[in-house]
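Visitor: This is the structure I have questions about; it appears just below.
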Amino acid sequence: MRVEQHPILKFSHGGMIKFYFNGIEMYGFEGDTIATALYANGIKVFGHSAKKKRPRGFFCGIGKCSSCMMRVNGVPNIRTCITPLQEGMIVESDKYDLPETAPYRKPERKTMDVDIAIVGGGPAGMAAAIEAGKHGDVSVLIIDEQPRLGGQLIKQTHKFFGSSMEGAGKRGIEIASEMEEEARKYADILLETSVIGYYNRGHHFLAAVNKLKGIVYEIKAKKIIFATGAQENYLVFENNDLPGVYGAGGIQTIMNVYGVKPGKAGIIVGAGNVGLILAYQLLQAGVKVKAIVEAMPRIGGYFVHAAKVRRHGVPIYTKHSIMEAVGKESVEGAIIAQLDEKWNFVLGTEKKIDCDFIAIAIGLTPSARLAQMAGAKVKFIREAGGWVALHNEFMETTANGIYIAGDAANIEEASAAMVEGKIAAVHALNSISPLTNFEAIVEELRNEISSLRKGKFGEKARLAKERIYEGYYEELRGNRSG
Amino acid sequence: MRSYEETGVVDIGMLKMPAEEQLRKGVAITECIQPIPCNPCKEVCPTDAIKMDDINDPPDIDYEKCIGCSLCVEVCPGLAMFVVRKRKGKAQITLPYEMLPMPERGDIVKALDREGNVVGDAKVIAIKHGRTNIITIEVDEELAMVVRNIRVEK
Ligand SMILES: Cc1cc2nc3c(=O)[nH]c(=O)nc-3n(C[C@H](O)[C@H](O)[C@H](O)COP(=O)(O)OP(=O)(O)OC[C@H]3O[C@@H](n4cnc5c(N)ncnc54)[C@H](O)[C@@H]3O)c2cc1C
Ligand code: SF4
Ligand code: SF4
């Protein structure tokens, strides 16, 4: 199930790596994660649920959903979708018990002390690091749990929209490599390292781990910017836990980063930009897309993205949704049906579509939990799509010195994420040691972001941000009076 | 609600049609009809034929200024620009193509409409490799405003 040829991407696989899946010898490539190597070997079922024994496979592909956990080299609950494959690895399903001889090395402890710690190396985090490095003489650290920098960008083979000035017309993957090169000039980078906690001992501290290498980091920072991105929304339907039901981002990851196909033919739930782009990317990788279903009466994404896939014969069913996934151990089909005005299925309109995967592309929720742990007040804001960390125009949360930027703050676009990262960095820098041209830099960045949010498609972000700032100032006033 | 928002297929009535002699010269037809924040087509045009006052405005092509150079076809991230030229009872259509397999010059491929239906055969008369590969095909003249994609069967 590898992508053999691709019109845009070149996959340079590394050397062969031998590993064992439930005792069976298998091979993957250097650069694979455990999950992509299993997929390339045709393994979709990674295990079973502990109680009801329902089959389990990966869903999100970015280490956030726990659906792909397996026992690796004796260590249970390893997220196989973000763990690089290594020679001789022993990968086992359905083993939760700790082995008798503890495989744990006593973790190595490392301490670090930096001016600005950035959690997440997507466009927001990288832009923040570059901006901080350009304007000030500070130590900057980026921590990301993926094996490479770039966040969502490394999965985007399409040319980006926006203004020519900000690199529109370039593909996401190209923007990611350019930014990475810049960021490496200004920041230290810890990859494959997850930030798992925050604590305050008179200063800000982050706890991070590199589970595979067995290193625990204690990072002291004057300022922290959380640029942790977003998490895929889930949808309730029958059998939605079958292997073969994936988040859109998960498919993009295995397909466009690792060159492994999610299946032969699938359907996509959701006709926003993510669903539409995913459909196009699947076609490019040589995977069939049988249908896109959209609950709303209209296509949510850009018309031009819809037109691109329609021209290839992919039907889009508006006012439709998925009722059920069909299959025993993994997806063998999907039942879709029409929705009435009250969002109920219209009986008699069911259609069964044969497919071996179902992609869920119904939206994202900001990953603000770490920021919350660091003291940022969160609030449910409908326009922002859920619980978000309240912050001001400088991206500072209600917790002093704790910033949030990009999709973690509010779901938007890469260009907005970058500008937010820059604003956070400049403000953080200025409060460490005042910049002479602070006002001017911020003013320019603000203008850039408001022009991005000007049009019809920017309306949602505009409203969301207003509510977030409002909430922030209410919170501050509340604190003062109370 | 506009019908294209439901179908993902442009309503031809919404497109600004060039005059016959402009089509004989060969001009860009834009199917970018919805306001989105995007402007690379305007920036790349060598003759300033694309009018766009605000980055959110859809492009408006001045068919007198347009020379049919197809630079906008290559740069457009929406793959929404095409160049159409009528010649000797045939229509030459330049379109973006980001799929595999790539056809070769002289190949006969399937001509598809905006819904991916096969509406006839097309002859590949030119290929330009670039950030997005662009292909010029020749089809029957009456298909000038119908064909917007190809399928290469190899
Ligand atoms: C299909 C699709 C198409 C898109 N098309 C466009 C487009 O055409 N134009 C455009 O402008 N935008 C587009 N976007 C949006 C854009 O990709 C995102 O808005 C952007 O990537 C957000 O950047 P970010 O840095 O906030 O988050 P991300 O890119 O998600 O990066 C977050 C990073 O944080 C890391 N991380 C998270 N938690 C932790 C932790 N605890 N410890 C360590 N690391 C952590 C993650 O590994 C990740 O690398 C598209 C998105 C998708 C899904
Ligand atoms: S074809 Fe050339 S001249 Fe015509 S609008 Fe496009 S870029 Fe401009
Ligand atoms: S470049 Fe393409 S998508 Fe962007 S405005 Fe021009 S025609 Fe529309």
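The values are calculated or read from the model by the stated rules, or taken from the named source; none is laboratory data. Computed from a predicted model, the values in this text were never measured in an experiment. With ideal geometry, Cβ positions are generated from the backbone for all residues, glycine too; neighbour counts draw on all protein chains shown. Ligands, DNA and RNA are stripped out before the accessible areas are found, and what is left, the full protein with its side chains, is counted by its heavy atoms. Shrake-Rupley method; radii C 1.70, N 1.55, O 1.52, S 1.80 Å.
Visitor: Scan the helices (runs of 4 or more DSSP H) fully inside the stretch B:1-75 and keep the ones with 3 or more residues being within 14 Å of chain A (Cβ to nearest Cβ) and closer than 30 Å to A:A295 by Cβ. Quick ask: steps written out before the conclusion?
Guide: Working: elements: B:3-7, B:20-25, B:40-44, B:71-75.
Correct list: B:3-7.
Visitor: Taking the stretch B:50-62 only, how many residues are open to solvent by less than 20 Å² (accessible area, probe 1.4 Å) and within 16 Å of B:L15 (Cβ to Cβ)?
Guide: Filtering the stretch B:50-62 down to residues open to solvent by less than 20 Å² (accessible area, probe 1.4 Å) leaves B:50, B:52, B:56, B:59, B:61.
Within this subset, residues satisfying the condition of being within 16 Å of B:L15 (Cβ to Cβ) are B:50, B:59, B:61.
Number satisfying all stated conditions: 3.
Visitor: Filter the stretch A:346-361 down to the residues that are open to solvent by 70 Å² or more (accessible area, probe 1.4 Å), within 14 Å of A:V293 (Cα to Cα) and touching a residue at least 24 places away in the same chain (Cβ under 8 Å) and list them by number.
Guide: A:E350, A:K352
Visitor: Report every pair of residues separated by at least 6 positions or lying on different chains whose Cβ atoms are under 8 Å apart, first residue within the stretch A:1-16 and among the acidic types (D, E), second assigned to a loop (DSSP other than H, G, I, E, B).
Guide: Partner pairs satisfying both residue conditions: A:E4/A:G286.
Visitor: I've got another one for you. Return the residues of the stretch A:342-370 that are under 26 Å from A:N273 (Cβ atoms) and of a type in the set (S, T, N, Q); say none if nothing qualifies.
Guide: A:T365, A:S367 - these are the residues of the stretch A:342-370 that are under 26 Å from A:N273 (Cβ atoms) and of a type in the set (S, T, N, Q).
Visitor: Please verify whether B:L79 is near ligand 3 (Cβ under 9 Å from one of its atoms), open to solvent by less than 20 Å² (accessible area, probe 1.4 Å), modelled with pLDDT of 95 or more and hydrophobic (A, V, I, L, M, F, W, C), treating the condition exactly as stated.
Guide: Numbers: near ligand 3 (Cβ under 9 Å from one of its atoms): yes; open to solvent by less than 20 Å² (accessible area, probe 1.4 Å): yes; modelled with pLDDT of 95 or more: yes; hydrophobic (A, V, I, L, M, F, W, C): yes.
So B:L79 fits the description; yes.
Visitor: Out of (1) closer than 15 Å to B:I134 by Cα; (2) in a loop (DSSP other than H, G, I, E, B); (3) more than 14 Å from every other protein chain (Cβ to nearest Cβ), the odd one out for B:M102 is which?
Guide: Result: B:M102 fails condition (3) only.
Visitor: Strands (runs of 3 or more DSSP E) wholly in the stretch A:369-482 with at least 3 residues that are out of contact with any Ser or Thr (no Cβ under 7 Å at 6 or more places or on another chain) and either open to solvent by 20 Å² or more (accessible area, probe 1.4 Å) or under 14 Å from A:F226 (Cβ atoms) (or both) - which ones?
Guide: Numbers: elements: A:378-381, A:386-389, A:402-404.
Ranges flagged: A:378-381.
Visitor: Which of the numbered conditions does A:R298 fail, given that it passes all the others? Conditions: (1) closer than 22 Å to B:P101 by Cβ; (2) open to solvent by 10 Å² or more (accessible area, probe 1.4 Å).
Guide: With (1) closer than 22 Å to B:P101 by Cβ; (2) open to solvent by 10 Å² or more (accessible area, probe 1.4 Å) applied to A:R298, the lone miss is (1).
Visitor: Here's a follow-up. Restricting to the stretch B:63-76, count the residues that are more than 13 Å from the chain's Cα centre (by Cα) and crowded, with 21+ Cβ neighbours inside 10 Å. Write out each step before concluding.
Guide: Taking the stretch B:63-76 as the starting set, the residues that turn out to be more than 13 Å from the chain's Cα centre (by Cα) are B:63-67.
Still in the list and also crowded, with 21+ Cβ neighbours inside 10 Å: B:66.
Summing the residues that are more than 13 Å from the chain's Cα centre (by Cα) and crowded, with 21+ Cβ neighbours inside 10 Å in the stretch B:63-76 gives 1.
Visitor: Of the residues A:L339, A:L347, A:L282, A:L276, which single one is within 13 Å of ligand 1 (Cβ to nearest atom), aliphatic (A, V, I, L, M), farther than 21 Å from A:A414 by Cα and not assigned by TED's automatic domain parsing to the domain that holds A:G47? Working first, answer last.
Guide: On the way: A:L339 fails: within 13 Å of ligand 1 (Cβ to nearest atom); A:L347 fails: within 13 Å of ligand 1 (Cβ to nearest atom); A:L276 fails: farther than 21 Å from A:A414 by Cα.
On inspection, the qualifying residue turns out to be A:L282.
Visitor: Could you please give the count of residues in the stretch B:41-69 that are charged (D, E, K, R) and at positive phi?
Guide: Residues of the stretch B:41-69 that are charged (D, E, K, R), as a first pass: B:42-43, B:48, B:51, B:53-54, B:57, B:60, B:62, B:64-65.
Of the ones still in play, those that are also at positive phi are B:48.
Looking only at that region, the number is 1.
Visitor: With respect to A:V274, is the statement that it is assigned to a helix (DSSP H, G or I), touching a residue at least 24 places away in the same chain (Cβ under 8 Å) and more than 14 Å from chain B (Cβ to nearest Cβ) true? Can you show your working first?
Guide: Values: assigned to a helix (DSSP H, G or I): yes; touching a residue at least 24 places away in the same chain (Cβ under 8 Å): yes; more than 14 Å from chain B (Cβ to nearest Cβ): yes.
Criteria met by A:V274.
Visitor: Among the residues of the stretch A:314-329, is any within 29 Å of B:C32 (Cβ to Cβ), open to solvent by 10 Å² or more (accessible area, probe 1.4 Å) and part of a helix (DSSP H, G or I)?
Guide: no
Visitor: Can I ask one more? Just to be sure I understand, how many residues within the stretch B:120-132 are at pLDDT 95 or above and buried (at least 18 other Cβ atoms within 10 Å of the Cβ)?
Guide: Start the filter on the stretch B:120-132 by keeping residues that are at pLDDT 95 or above, which leaves B:120-128.
Subsequent filtering for residues that are buried (at least 18 other Cβ atoms within 10 Å of the Cβ) retains B:122, B:124.
Residues flagged as at pLDDT 95 or above and buried (at least 18 other Cβ atoms within 10 Å of the Cβ) within the stretch B:120-132 amount to 2.
Visitor: Residues of the stretch A:3-49 being touching a His at 6+ places or on another chain (Cβ under 9 Å) and either in a loop (DSSP other than H, G, I, E, B) or not assigned by TED's automatic domain parsing to the domain that holds A:S66 (or both), which ones?
Guide: Correct list: A:I8, A:E30, A:G31, A:D32.
Visitor: Name the pairs whose Cβ atoms lie under 7 Å apart, with the first residue in the stretch A:286-314 and facing another protein chain (nearest Cβ under 10 Å), the second open to solvent by less than 20 Å² (accessible area, probe 1.4 Å) and among the aromatic types (F, W, Y), and 6 or more positions between them or separate chains?
Guide: A:F303/B:Y4; A:K308/A:Y280; A:V309/A:Y280
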